[in-house]
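Notes for the one structure printed next.
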């Protein structure tokens, strides 16, 4: 919700989110225009969540514009990278 306030988003629409476990939740959503460094743009529906420690979660509607890479590190951990393909 901090991003909604910071960007001054107005006129939300009501949507129903459906989860893999079959649960549903009604929430507010906002149409936003994302601009990539290449100049390409994507109009996506951004849903609002009340999270204390997360400002933004990137969904599949934006993930499809890039490449994810998850690889192991020498210390037994994992490294995650995302590169835009646009």
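The values are calculated or read from the model by the stated rules, or taken from the named source; none is laboratory data. Bear in mind that the values here come from a model prediction, so they are computed numbers and not experimental data. Reconstructed Cβ throughout: ideal geometry from the backbone, glycine too, with neighbour counts over all protein chains shown.
Annotations for the structure displayed:
- Residue 6 surrounded by fewer than 10 Cβ atoms within 10 Å (Cβ to Cβ), out of contact with any strand residue (DSSP E or B) (no Cβ under 7 Å at 6 or more places or on another chain), in a loop (DSSP other than H, G, I, E, B) and without any contact (Cβ under 8 Å) to a residue 60 or more places away in the chain: no
- Test set (1) touching a strand residue (DSSP E or B) at 6+ places or on another chain (Cβ under 8 Å); (2) free of Cβ contacts under 8 Å to residues at least 24 places away in the same chain; (3) assigned to a loop (DSSP other than H, G, I, E, B) - residue 49 fails condition number: (2)
- Single residue of the stretch 17-26 satisfying the filter (under 22 Å from residue 64 (Cβ atoms) and in a strand (DSSP E or B)) that is nearest to the chain's Cα centre (by Cα): 17
- Applying the set (1) surrounded by fewer than 10 Cβ atoms within 10 Å (Cβ to Cβ); (2) out of contact with any strand residue (DSSP E or B) (no Cβ under 6 Å at 6 or more places or on another chain); (3) closer than 26 Å to residue 83 by Cβ to residue 63 leaves exactly one unmet item: (1).
- Hits in the stretch 33-55 (condition: surrounded by fewer than 11 Cβ atoms within 10 Å (Cβ to Cβ) and at pLDDT below 80): 37, 38, 50, 52, 53, 54, 55
- If you go through the stretch 70-86 and keep only what is more than 17 Å from the chain's Cα centre (by Cα) and in a strand (DSSP E or B), you end up with 70, 71, 72, 78, 79.
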